Amino acid sequence: MHRAMGAETIIDLVLPASAAGWRLDRALAAALPQHSRERLKALVGGGRVTGAAGVLWDPALKVKGGEALTLAIPEPRPSDTIAQDIPLTIIYEDDALLVVDKPAGLVVHPAAGNFDATMVHALLHHCAGRLSGIGGVARPGIVHRIDKDTSGLLVVAKTDPAHEFLSRQFAAHTVERRYAAVVAGVPIPPNGRIDAPLARSPANRQKIAIVGVGRGKRAVTHFRTVRAFRQAAQVECRLETGRTHQIRVHMASIGHALLGDATYGRTPAELSRVLQEIGFARQALHARTLGFVHPLTQENLSFESALPADILELISRLSGAEV
């Protein structure tokens, strides 16, 4: 149950019995998918979660299941991000949300090394502040992200109710997300399913790695070959889950890394020459299809983004060497 109290939103909830033995922050994240686990961990550490015995300060506390808890969530603090007039390709917009076709090279959210000229800066200008504050900072609106060098579709929430509704769909894995990719080699068999959990690499915290069951988050990618070339293939990847770098890591794990992805794969020499000749300097990945239920109308919406010019040029060059 949600209720407003002054400058805070109060949430009363009962943890499910199935959460027995889980960390407190994990149990809260499962019960409140509209909030990130890091956000909930910060709320616990800030003394904003109480149970029958009083304030619960430790996010690692093991829960028994069935506990009645109360969260006091403060109003989002004003964002210190300055609106910037950066052009955006908006393919859909209403009072609840907008769908953006992001170009490669545009960072979604300010972070270390990219504090300026992000999509959030552009959204603050475009929406004049009418964005949700679920993440703890007023007006960011970001429900999900794609990598800087991945192009394609993103949905952005303008209101907190829209953000919560969309977040629940992402948590339940009911959002349709299909990506176009160009990979090294030709997958055999041409279609498949990769089910391999992902977590931060213990050797390099900047990378994601496949880990043992129970050590990371479940990650499932379905792929099918759309077009086969002599040393590469165009594939469609459908996300059953949506983890950081999921497609990049999963495709590399089966020996078919994305072309141009220096982090997770090594592009064969002949293909590297093609990339250099056309100036292709990113991973060949495009978020092509995005489908979800609208928070207000309950209508099933589906959007399609055309392949960008650089990927079309890459495919054109490779098509001279089709199988």
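In the range 120-140 there is no residue that is among the hydroxyl-bearing types (Ser, Thr, Tyr), modelled with pLDDT of 85 or more and in contact with an Asp or Glu (Cβ under 8 Å, 6 or more places away or on another chain).
Entry remark, the range 48-64: residues being in a loop (DSSP other than H, G, I, E, B) and open to solvent by 20 Å² or more (accessible area, probe 1.4 Å) number 10 in total. The criterion of at least 1 residues that are aromatic (Phe, Trp, Tyr) and either more than 22 Å from ARG23 (Cβ to Cβ) or open to solvent by 30 Å² or more (accessible area, probe 1.4 Å) (or both) is met by the following strands (runs of 3 or more DSSP E) wholly inside the range 172-218: 176-184. Would you call ALA171 under 13 Å from the mean Cα position of the chain (by Cα), more than 19 Å from ASP101 (Cβ to Cβ), aliphatic (A, V, I, L, M) and at pLDDT below 85? Spelling it out, ALA171 is indeed under 13 Å from the mean Cα position of the chain (by Cα), more than 19 Å from ASP101 (Cβ to Cβ), aliphatic (A, V, I, L, M) and at pLDDT below 85. The single condition among (1) open to solvent by 10 Å² or more (accessible area, probe 1.4 Å); (2) over 16 Å from the mean Cα position of the chain (by Cα); (3) under 22 Å from GLY105 (Cβ atoms) that THR244 does not satisfy is (2). When GLY105 is tested against (1) modelled with pLDDT of 80 or more; (2) within 25 Å of LEU259 (Cα to Cα); (3) open to solvent by 10 Å² or more (accessible area, probe 1.4 Å); (4) over 18 Å from the mean Cα position of the chain (by Cα), only condition (4) is not met. When we screen ILE11, ILE73 for residues that are at pLDDT below 85, within 22 Å of ARG168 (Cβ to Cβ) and surrounded by 12 or more Cβ atoms within 10 Å (Cβ to Cβ), the only hit is ILE73. Scanning the range 184-213 for residues that are under 21 Å from ALA262 (Cβ atoms), of a type in the set (D, E, K, R) and out of contact with any helix residue (DSSP H, G or I) (no Cβ under 9 Å at 6 or more places or on another chain) returns ARG200, ARG205.
Only residues that are in a loop (DSSP other than H, G, I, E, B), touching a His at 6+ places or on another chain (Cβ under 8 Å) and at pLDDT 85 or above were counted across the range 141-168, and they come to 4.
Conditions (1) of a type in the set (Val, Ile, Thr); (2) within 25 Å of ALA306 (Cβ to Cβ); (3) free of Cβ contacts under 8 Å to residues at least 60 places away in the same chain, marked per residue:
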residue: CYS127; (1), (2), (3): no, yes, yes
residue: PRO161; (1), (2), (3): no, no, no
residue: GLN169; (1), (2), (3): no, yes, no
residue: ILE188; (1), (2), (3): yes, no, yes
residue: PRO202; (1), (2), (3): no, no, yes
residue: ILE208; (1), (2), (3): yes, no, yes
residue: LYS217; (1), (2), (3): no, no, yes
residue: VAL220; (1), (2), (3): yes, no, yes
residue: ALA228; (1), (2), (3): no, yes, no
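Summed over the range 140-155, residues that are in contact with a Phe, Trp or Tyr (Cβ under 9 Å, 6 or more places away or on another chain) and without any contact (Cβ under 8 Å) to a residue 60 or more places away in the chain total 1.
Criterion applied to ILE315, ILE311 was being touching a residue at least 12 places away in the same chain (Cβ under 8 Å), open to solvent by less than 10 Å² (accessible area, probe 1.4 Å) and in a helix (DSSP H, G or I), and the one residue passing it is ILE311. Residue count for the range 31-78 satisfying the condition of being more than 19 Å from THR9 (Cα to Cα) and in contact with a Pro (Cβ under 9 Å, 6 or more places away or on another chain): 2.
The values are calculated or read from the model by the stated rules, or taken from the named source; none is laboratory data. Keep in mind that what you see is a predicted model, and the values were worked out from it rather than measured. Neighbour counts are summed over all protein chains in view; Cβ atoms, including those assigned to glycine, are modelled from backbone coordinates with ideal geometry. Protein only, heavy atoms only, side chains kept; ligands, DNA and RNA dropped before computing areas. Shrake-Rupley method; radii C 1.70, N 1.55, O 1.52, S 1.80 Å.
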